[in-house]
Every structure is written in C-alpha cells, then in structure tokens.
Amino acid sequence: MTKKIELLAPGGDVNAIKAAIVAGANAVYCGLDTFNARNRASNLSFDDLTGIVKLAHKYDCEIFLTLNVVILEHEVVGMVKLLNKLVNSGIDGIIVQDLGLFSLVKRHFPSLDIHASTQLTTHNEGQIQFLSKIGATRVNLSRELNLTEIKLLTKVAHDVDVLTEVFVHGALCIAFSGQCYSSSVSVGNSGNRGRCSQACRDEYEPTATGNKFPLNLKDNSAYFDLPELVEAGVDSLKIEGRIKGAQYVHTVVDSWRKQINKFVETGKLLDDDSNLYKVFNRNFTNLFLKGDMTKSMFIDNPRDHSFTHANEKNNAITVVQIQETQDELSQQKNEIGDIVKEKIKYLSIAKEKLTLSFAGKLGEPLTVTAIVTDEASSEEGTGKENLAIKTYNVSSDMTLIEAGQSAIDQTAIKKRFKSFNNSEYLVEDILFDELDSGLNIPFKELTNLKNKLAFLLNGSVEVIPAVDVPALPQHAKIEDKPKMSILIADIKDLYLCEETDADVYFKLPESFKAGTRQFIDMFLDNPRLIPWFPAVLIGKDYIESIKILEEVKPKYIVSNNTGVAYKAFEMGIDWVAGPFLNTTNSYALITLKEDLNCKGAFISNEINQNQIRNIKRPEGFKLFYSIYHPILMMTSRQCFFQQTVGCKKPSIEDGCMLKCEKATSITNVKGVQFAVDKQKGGYPSIYNHEQFLNIDAVNDFSHLFDEFFIDLTDIGSGSKEKQDKVQLIHHFENILNGEQASGVQLHEMVSISTNAQYKQGL
C-alpha cells in the first residue's frame, strides 16, 4: 500500500493534543476559546495554538483549527482580526461551517486551507461540487452514510480535487449534523454555535417500549472496517472527542495507529479492540457504515459503558466479582493515565525566547542579532534544560550617519521591534552595548530591518500583512412592499393557490423512488408551484430530485440542499437558499450570490431581531423570513419509533421512507412533550410542541425583507389542532397590509405558539 491514511485526532486542551501527537496522530483538530463548535471543551488561547503548531510540526503532525460555527453579523470584525493572525500562525487548515466565512477566506485570506465541517451535512455529489466551488479543499462526509455511498462520494470529491474525511470513532448524533435545533429550541443553546445541550442524551418518561433514553445512540467505531474505508478511497479517518481528556485521546489514537500500521504492513487487522472499552464509551456500533440501521444501535444509558462492559466480559455476577472487576478496571484506567502523563511531561509549548542585540558604528550598517532559545526543543526524557540556540543576523541597507538635532535612540528602536514580543516569541532582552551613540538612520530603514528579521523568524516565509476588509454596503430592496409566500406539501392543498396571490412553494419529500413522475407532472400542470427541496437528499433520492429540475425546468426553486442548489446553478435555474442552510450574516449572502448566482436567501430563524438588524443585502438580492412554521428540532436517518412505540421491522428499509406515516410523542422529565413525526417519503423528525408565530417581524423588518413566509404543511403538527388554512392566509395577508387586528385572531387560532428564538437569538 502506498496511499497515506491520515489519522485525525481531537484535541480539546493542550494535554489532549500532546497525547494525540505522541500516540501517532497525523493531524489534530482543535479550537480556540471562540468560534468553535465545542464550547464545553477547554480549548486553547492563541498563544497555546502557536506553541501547539510548533510542537506538532516537529512530529510531522498537522494542526487544523475549528471555526465551525455560524457567524453573527457583529462578529465579522472579530473574525477578520483572528484570520489576520491565523495566516501567519503556521496552522495547516481551518474547519468551517458558516457560508460567509468561505467568502471571507477565499477573497481575503487565500493562503488558509478550508475544510468543510460535518455541520454542513454533506451527503450527495452536488454538495461536494458546491463546496469545491466556494473554496473547500476537503469535506467531512455525513456520519449517516454507508460504505457504498462513501465510496461514490469520495470518487466525486477526488475528481474535483477535494479530500474526504469520515468519522470512525466516538459519539454519534442521532440527528443529521447542522440540522439539529433541539438545544436551540428547548434551552436557547444552539448546536450551530457549539452549545449543544445534548437533548438526544436526555432522560424521557418511559416510552411504550420501556425506554427512558429513546434517542441515545451507541458510540461509533469502525475499528474493524478499516479495509473497506481504505478501499473506498477515504483520505482521513477522524476521531470524535474534543470534550474528552488526554487519557481517552491517547488510548483511542494509539489503538487506531496500531490498527492502521498493522493493515499497511500486512494487509491484516488486529483482532483485539479491548483498550477502546477501557475508556469512556457508550458501547459501539458500526451500523451506519454497514447500512443496517437496527434498534441495536441504541443504548438506554448515555453514560460510561466501560464498567458494564468489564462486568460482561468477566462474567461478573456476584457483588464480590463485580467489585473486583471494577477495581481492576479502575487500576487499568489509572495506569493509562500515568503512562500518558509520563509520555507528555517533557513536551513544551512554551514561547521561544528572543534576545535582540543591536550594533553599529558611523559609516557602517545597523545590524541586529537575534538569538532564539527554545526549551521545547530540549533533549526529551532528561528533564534537563538543554536549550536549542538559533542565531539570525540582519543588516540595514543604509549606513549609520551622524545625528543632527535628534539621534536614533533605544526607545525608537524598541517601539519598532516590540511586535516580536508576541504569541510565538518572548523578548527577554534588547541590548545596545555595541551600538555607538550620536548616530541616526531613517525610520523607514528601521522598518525595513524589522521586516528582514521577521522573514527569518517566520521560517524564511514572507509575513502576510494584515488585511482591512471594507464594510459592505446596504443595497435597496427590489420592491418596497414585502410579499407573502406559503408552503404546502400535499396535492390536496393545491386549492390554496386560488385563495391568494402569494408565491406558493411545494415541499418535496426526502425520498422519491418511483414517485418522481407524479411530482414532475404536478409541476408541469401547475406552473405556479415553486419546487421546495428538503435539506437531506441521499443517493437515488438526490438523483431523482435532479430529474425534476431537468424535466420541469422551473423558473426558480427554493433549496435547503446545497447539492440541488449547485445543479440549479449549473443549469441556469434561479434559486433561493432555504431556511435550513443556516444563513446568519451578510458574507453568507455574498458567497451564495457571487459564487453560485443565488437570487435570495432565508435568514435563519435561530437569530434574534438585533442579530438580524444589520444584515446587508447584496445588490439585486432578495431576503426572506419565516413568520409561521412548525419548529423542527431534529431529523434523523435512524428510526425514532423503534425506541418509542416499537416497530416490527428489524431494520430500516426503503419501504420505511416511502410508506411509514407514524406519529407519536415523547415527554421529557420536565413534562415537556415533543411531536415525533414521520411523513410519507420523509425522514423521521421531532418537532417542538409549539408553533413558531412571529408577526412582530413584519412590523420590525418590512424595510429589510422582501418576502414573509408561512408554512401551511401538516408536517410536525402531531396531535395539534388542525387550522383553517384559508383563514390563516387571509389573516397573514391582513398583517402585511397593516391590519393589526388580525394579529389577535392569529394568536387565538394558534394558541400554542412562541417566537422565543426571535427574542433570545444565538
């Protein structure tokens, strides 16, 4: 075998990163204390990051920085400041979710390598082409994909010079990543901001099947699937775990390193995965990869399974046997911890110490000698301070002259060279013993001297100057008065087209199979209908959705799936970015418009009125906002009914998507009920018990939005009272016409409603 198999490890803190490096990781992904999707991890300071990069590169290990959250408008300035620092930090890539960040980096910081986060829900070929178009060089494929799907998508990725990575170990979300809003809805902490409260791990009232944790999946482990992943062409094997400690990280990375090495050297696998069970786990499953989604993927315990596993392995039944087993495992865990501490104790991320010595005489150049001492490069394992010394010498182009009224003094020099006291270097001393007094040199020459030295201290790589990103202009709306649009999902609701002049969108299912023809015919027979594509379209369902574009050739579409959006762009079909693309800032609009000819976008309902207020539209671009809809909490490729009401089918099959229309509810221990909903042709989803109703936005932002949207589908309605849709339309039309009395009637009709997200935001 010649292909390098990258082992990509998590690093939630400095010690975990060190543990990953010594265990044999090829790359580590980690986050700063801002802009990353693991706020519960300890994360790093920027000074830490600089030291980590230096340490990792010494061991031929790369560092990828997670910037994998959606960005708010007021945070763009801070993000630009950070990017200006990152371009000179030596990091090997950034992991990105926000579409606006793609635009910023591609246009102003092109030296940074962009990796598309798992939060972008990448599961079809069009999405890979979309991400390649906007600047991604690698994509993290959705955890729900099977090996066949992964192989096909990896080939597509390689055809457009994009690498693929797949999660092979660690926690599994039951929801599609980037499409889970449960934490945001229930407690105001968005997973798209790294604040997931893990509602899928929560305890619920016992279901009909007797489960208290009906949404809790086992952990992922593809330890014995390595040959198939290699055969599929996957470039990077990614381990989840940025909230895990050094002990966990070392154990998992070490186990995977040994497995990879064994396979590369012999073509065979190790058959012992026992060490993986000695650290935190929820038991393991690989059934997403196998495409065999059974109820065995679930476990009714979200906590550590390692002690339970030890009991089962040792057949410990009696109290004495259980205690002995637990004591033995605890001792093994402590021994692992001690080994890791010993391995990493001499690894330093301390700043390199810098001494600057200035020298010069009349008629000679001004010279500066930089002496760098680096404790991090000391002899490992000795505990001795064997300091590595590097010396750099630079001279001015001009010679020193006699000073006139003012001589160059120590203060002026220190002012010019103080920038070297930074995240990478600690200036210990600045010496002037060899510099004669009463001399002068132009200040610009001092700056030139500093730049020469900066080049050498930066590894003979030019320092990239800071970029000042100009403020974006606010362009005018295309039409002064906002319109209304409605969404339907059932042919029986076509009559609503006769009740309103609003734009009418028709929501297509996630699964088509043989039903594509009926949708094609429906759009051809009803040209007023605008196709609305869902967020998740995998495999054949994606192919069928493209058939609709090809045969119907609609004037425009709304797409929540970037793959369909890309195909629309290729075909010259106007498209609007749907609400599930998580658009939260002006630069996301720039990405969509300038790279993919998008004509408009829904602004995320996760952000509040103040976070919306300063969003700036590109020229000729429409802005949309939903003021009435069921509140989606999560969507899954797994079945929610196996653990709630039960299901006779041993595993999910094609027919489940096409035929199943089950509905139930789950109630958490606080007594809050959530609707579990499965539409024909759709994925299982969970919805909040309240509807989103926000007529305040009409009053607040009629000057900003071109279109206000209402969702009239029965999706997620559960046991809620069915509303008179004609009445709803007329009341919302009245609201847009300034008739405030209709607001009272709407609240009476939709009594279980909220606009909390509009108030609290991200």
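Values in this text are rule-based calculations from the coordinates and carry no lab data. Keep in mind the model is a prediction, meaning the values are calculated, not measured. All Cβ positions, even for glycine, are placed from backbone atoms using ideal geometry, and neighbour counts span all protein chains on display.
Numbers at a glance
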{"read-out": "Calculated P(r) of the stretch 390-479 - Cα pairs past 20 Å, %", "value": "49"}
{"read-out": "Sorted by Cβ neighbour density within 10 Å, fewest at the top, the residues Asp541, Asp595", "value": "Asp595, Asp541"}
{"read-out": "Where N is the number of residues in the chain, Cα Rg divided by 2.2 N^0.38 Å", "value": "1.07"}
{"read-out": "Table column - 3J(HN,Hα) (Hz), the stretch 114-124, Karplus curve with 6.51, -1.76, 1.60, x for Gly and Pro", "value": "9, 10, 7, 5, 4, 5, 8, 6, 8, 8, 9"}
{"read-out": "Qualifying lysines (Cα of each under 19 Å from Cα of Lys351; at least 8 residues distant if same chain)", "value": "Lys18, Lys54, Lys58, Lys85, Lys384, Lys390, Lys418"}
{"read-out": "Within the stretch 352-457, percent of DSSP bridges classed antiparallel, to nearest 5", "value": "70"}
{"read-out": "Helix 562-571 axis, angle to the chain major axis (alpha carbon atoms, nearest 10°)", "value": "80"}
{"read-out": "222 nm mean residue ellipticity, helices alone, for the chain (DSSP H n ≥ 4; -39,500 (n - 2.57); rounded to 500)", "value": "-9500 deg cm²/dmol"}
{"read-out": "The stretch 73-224: relative contact order as a whole-number percent, Cα under 8 Å and 6+ apart", "value": "17"}
{"read-out": "Residues Ala471 and Thr447, FRET efficiency given R0 of 41 Å [Cβ-Cβ distance, rounded to 0.05]", "value": "0.90"}
{"read-out": "Interchain or long-range residues, amide H under 5 Å from Leu431's placed H", "value": "Leu356, Ser357, Phe358"}
{"read-out": "As computed over the stretch 233-324, the Cα convex hull volume per residue (Å³)", "value": "150"}
{"read-out": "Residue-by-residue Karplus 3J(HN,Hα) for the stretch 507-517, coefficients 6.51, -1.76, 1.60, Hz, glycine and proline x", "value": "6, 7, x, 6, 10, 10, 6, 7, x, 4, 4"}
{"read-out": "Fraction of beta bridges assigned by DSSP in the chain that are antiparallel (%, nearest 5)", "value": "35"}
{"read-out": "Degrees separating the helix 725-736 axis from the principal Cα axis of the chain, which is the longest one", "value": "50"}
{"read-out": "Computed magnitude of the charge dipole of the stretch 483-760 (debye, nearest 20; Cβ of K, R +1, Cβ of D, E -1)", "value": "840"}
{"read-out": "Separation of alpha-carbon centers, the stretch 65-123 and the stretch 509-525, rounded to whole Å", "value": "38"}
{"read-out": "Computed over the chain: relative contact order in percent, which uses C-alpha pairs under 8 Å that are six or more apart", "value": "14"}
{"read-out": "Relative contact order (%) - criterion: Cα under 8 Å, at least six apart; region: the stretch 483-760", "value": "19"}
{"read-out": "Inter-part distance where the stretch 696-762 and the stretch 239-255 are each reduced to a Cα centre, Å", "value": "47"}
{"read-out": "Computed lengthening from Asn334 to Glu498, 0.36 nm per intervening residue step minus Cα-Cα distance", "value": "51.9 nm"}
{"read-out": "Sorted by Cβ density within 10 Å, fewest first, the residues Leu449, Leu347, Leu131", "value": "Leu347, Leu449, Leu131"}
{"read-out": "At most 12 other Cβ within 10 Å, DSSP loop - GluC sites (Glu not before Pro), the stretch 457-549", "value": "Glu462, Glu479"}
{"read-out": "Other-chain or far-sequence residues with amide H under 5 Å of Leu44's (modelled H)", "value": "Gly31, Leu32, Asp33"}
{"read-out": "Whole-Hz couplings from phi, Karplus 6.51/-1.76/1.60, listed for the stretch 146-153; x for Gly and Pro", "value": "8, 4, 4, 5, 4, 4, 4, 6"}
{"read-out": "Radius of gyration and maximum dimension Dmax of the stretch 483-760, Cα, Å", "value": "18.5, 55"}
{"read-out": "Spin-label pair Leu431/Lys81, simplified geometry with 7 Å Cα→Cβ offset, distance in nm", "value": "3.6"}
{"read-out": "Size-normalised alpha-carbon gyration radius of the stretch 93-135, reference 2.2 N^0.38 Å", "value": "1.08"}
{"read-out": "Alpha-carbon centroid distance for the pair the stretch 620-682 / the stretch 559-596, whole angstrom", "value": "25"}
{"read-out": "Least to most buried among Ser419, Ser406, Ser395 (fewest other Cβ within 10 Å first)", "value": "Ser406, Ser419, Ser395"}
{"read-out": "Ser190 long-range amide H proximity, modeled H, under 5 Å", "value": "Arg195"}
